[in-house]
Amino acid sequence: MSDTLMQEAHDAVEAAGLALEYDDEGLVLREGAMALPSGFGPLAPRIKEQALHRELLVRAARIKGVAEPRGLDATAGLGCDSLLLAAAGFDMTLYERNPVACALLEDALRKAADDARFAHAARRMRAVHGDSIEALKRCRGTFDLVYLDPMFPKKRKSAATNKKFQLIHRIEAPCADEERLLQAAFEAKPRRIVVKRSVKGPYLAGVKPHYSIAGKAVRYDCFSFARPV
């Protein structure tokens with residue numbers, strides 16, 4: 001992790017009244033007793049081979065006839081969704097513009113590389129601190145999949161189980177430029193674009209997908225194309 005990224009991350013958490021520090025396990029974002037550590041620990045059961053095929057995201061992203069699909073996660077966050085895709089065989093490039101989230105992501109990948117549960121997926125994941133919209137404009141035909149997960153708007157009341165993720169909302173706002181993000185994804189000319197939405201949420205930028213795969217809480221809107229350019 002670069003010194004520049006860590007300095008930007010520390011500046012951001014200081015402005016938000018939070019703390020970013022290392023403990024024995026790795027990098028942790030804190031506010032008082034509330035802590036959000038880096039890492040993929042809770043996802044271990046979900047990336048087992050017998051469980052992956054049941055993941056809605058994996059079903060939505062799967063591209064027939066592509067042996068080694070390449071994916072770009074344009075809104076990577078903490079990298080949890082990309083981990084599922086990498087475990088399913090995608091070579092994932094993860095863009096995250098927020099320095100705090102990117103620092104936590106890079107630390108998670110560092111730890112995952114030395115963890116037998118995650119190492120096989122981590123080898124297929126590369127984090128980039130930067131603007132994915134500009135990157136998408138430069139990578140026409142490079143990726144088979146573009147994955148978009150603009151952060152859901154904050155709810156008035158959050159369940160106790162989501163308290164840790166309230167820390168992320170403190171430092172990173174939901175996407176404010178949905179039209180540019182989706183347009184850049186189209187301009188990249190992938191085989192598939194998958195957009196994560198709340199199950200009853202509106203389409204991203206108001207654009208209707210070709211089809212959707214929905215669960216109880218989350219919906220994946222899919223745009224599927226015959227071939228990359």
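Key figures
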read-out: Elements of type strands (runs of 3 or more DSSP E) contained in the stretch 50-161, each with 3 or more residues being open to solvent by 10 Å² or more (accessible area, probe 1.4 Å) and under 27 Å from Ala19 (Cα atoms); value: 125-129
read-out: Evaluation of Leu18 against (1) over 20 Å from the mean Cα position of the chain (by Cα); (2) more than 26 Å from Phe225 (Cβ to Cβ); (3) at pLDDT below 90 (one fails), failing number; value: (3)
read-out: Test: residue in the stretch 181-192 that is modelled with pLDDT under 95, among the small types (Gly, Ala, Ser) and either touching a Cys at 6+ places or on another chain (Cβ under 9 Å) or under 30 Å from Ala16 (Cβ atoms) (or both); value: no
read-out: Hits in the stretch 3-42 - residues which are part of a strand (DSSP E or B), closer than 16 Å to Ala108 by Cβ and either in contact with a Phe, Trp or Tyr (Cβ under 7 Å, 6 or more places away or on another chain) or open to solvent by less than 60 Å² (accessible area, probe 1.4 Å) (or both); value: Leu20, Gly26, Leu27, Val28, Leu29, Ala35, Leu36
read-out: Residue within the stretch 78-98 that is closer than 24 Å to Gln166 by Cβ and in contact with a Pro (Cβ under 9 Å, 6 or more places away or on another chain) present; value: yes
read-out: Residues satisfying the stated conditions in the stretch 198-218, i.e. part of a strand (DSSP E or B), within 16 Å of Thr75 (Cβ to Cβ) and without any contact (Cβ under 8 Å) to a residue 40 or more places away in the chain; value: none
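The values are calculated or read from the model by the stated rules, or taken from the named source; none is laboratory data. Given the structure is predicted, the values throughout are model-derived calculations rather than measurements. All Cβ positions, glycine included, derive from the backbone under ideal geometry; neighbour counts span all protein chains shown. Each accessible area value is taken on the protein alone, full model and side chains, heavy atoms only, with ligands, DNA and RNA left out. Shrake-Rupley method; radii C 1.70, N 1.55, O 1.52, S 1.80 Å.
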